[in-house]
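Single-structure report; data block below.
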Amino acid sequence: MSETEVEQRREPTPFDPAGRRVLVTGSSSGLGAALAVGLAERGAVVGVCGRRTDRLEAVLELVRRHSPDSRAWTVDLADLDGIDAFARRVVEDLGGLDVLVNNAGIPKRRWAWEHRPDEITQVLRINVESPIRLTQALLGELDRRDGHVVFIGSVAARLSPPNEAVYSASKAAVTAYAEGLRVDLGVAGSSLGVHVVQPGVLTTELFTLPDNDPSLSDVEPLDAGEIVGAVLGVLGSGRVEGFVPGWFADLPPVKAGDPDGFLEGAVAYTRGRLDELGVDPPRPPGAGD
Ligand SMILES: NC(=O)c1ccc[n+]([C@@H]2O[C@H](COP(=O)([O-])OP(=O)(O)OC[C@H]3O[C@@H](n4cnc5c(N)ncnc54)[C@H](OP(=O)(O)O)[C@@H]3O)[C@@H](O)[C@H]2O)c1
């Protein structure tokens, strides 16, 4: 495909959510809640969902101040057998769907060899299988309406941060799925937009959830509300991938230019960070207790 053809596929004007029906998964807190409110403020009819009904009700109340037809559903998206029925319910209750934002996700901060089997399954189910299954279930509806599907990935998909190997693998998997979906839809002649937004560090409950090692990040966190501009930006540009903050986009090409050097740099940087925090480096697998 020539550069001109690629440019022609991009939307020429900023994305306007007014009047669009949007489902934001995992919108009981954090980025999903910020996105739901931000899109409702701009006139979208928003569907919010998650497991915590009380938190969803609070978000729905904020959303409905701007968009009274918005809806909430309590759902466990790890229940893969329930995904098709949930998708049908969303379309019925919202009267159609223009944009799916696959945002629900869980972190897992653990040294690579310490992940328990059950948590590997859980991370891959919620961060990978579930958004893929929900996307498949809603693809026909989104395609009919020339809609968009957005995946909330992570810079971890591209940058191999320490202490997050399985989480990084899950975000890399969903990024690869989005790229593959974009190609397959293009082959089929579909104009449905497919996008991945890769956040860096935004202030949410992700960093304080139990059953995770403490975060080693020393990046200044951004407000969760920054996700709104990032998602609208990537939808408007028609690009597949966007980063928030935007400067993270400079790093994957650096890694691609010297992958081994980049990974060695990550090791040296992390050892320095552990030293700064007064934390002993992890013990290698097989070292015993
Ligand atoms: N914050 C960051 O700096 C950052 C950076 C990179 C990527 N991300 C990504 O951003 C997304 C949102 O995370 P966040 O930072 O906003 O953290 P968060 O506040 O913990 O939000 C996670 C959301 O996912 C929902 N969720 C988790 N498991 C679910 C399940 N089984 N079924 C339904 N919903 C489920 C949670 O709702 P319930 O608990 O109510 O079910 C919650 O609404 C995640 O995909 C995360 O990987 C965040």
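The values are calculated or read from the model by the stated rules, or taken from the named source; none is laboratory data. Since the model is a prediction, treat every value here as computed from it, not as a measurement. Cβ coordinates were reconstructed from backbone atoms using ideal geometry, including for glycine residues, and neighbour counts include every protein chain displayed.
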Give the residues of the stretch 162-197 that are in contact with a Ser or Thr (Cβ under 6 Å, 6 or more places away or on another chain) and within 10 Å of the ligand (Cβ to nearest atom), sorted by residue number.
Lys171
With respect to Ser160, is the statement that it is in contact (Cβ under 8 Å) with a residue 40 or more places away in the chain, surrounded by fewer than 20 Cβ atoms within 10 Å (Cβ to Cβ) and under 26 Å from Pro259 (Cα atoms) true?
yes
Please give the helices (runs of 4 or more DSSP H) falling wholly within the stretch 190-289 in which 3 or more residues are crowded, with 18+ Cβ neighbours inside 10 Å and touching a strand residue (DSSP E or B) at 6+ places or on another chain (Cβ under 7 Å).
226-237
Of residues in the stretch 172-189 being crowded, with 18+ Cβ neighbours inside 10 Å and in contact (Cβ under 8 Å) with a residue 60 or more places away in the chain, the one nearest to Lys255 (Cα to Cα)
Thr175
Would you point out the residue of the stretch 14-34, among those that are within 12 Å of the chain's Cα centre (by Cα) and within 13 Å of Ser70 (Cα to Cα), that is nearest to the ligand (Cβ to nearest atom)?
Ser27
Wholly within the stretch 42-155, which helices (runs of 4 or more DSSP H) include no fewer than the required count, namely at least 3 residues that are of a type in the set (Asp, Glu)?
53-64, 83-94
Would you point out the residue of the stretch 59-97, among those that are without any contact (Cβ under 8 Å) to a residue 24 or more places away in the chain and within 16 Å of the ligand (Cβ to nearest atom), that is surrounded by the fewest Cβ atoms within 10 Å (Cβ to Cβ)?
Asp81
Just one of the numbered conditions (1) at pLDDT 95 or above; (2) part of a loop (DSSP other than H, G, I, E, B) is not true of Phe15; which one?
(1)
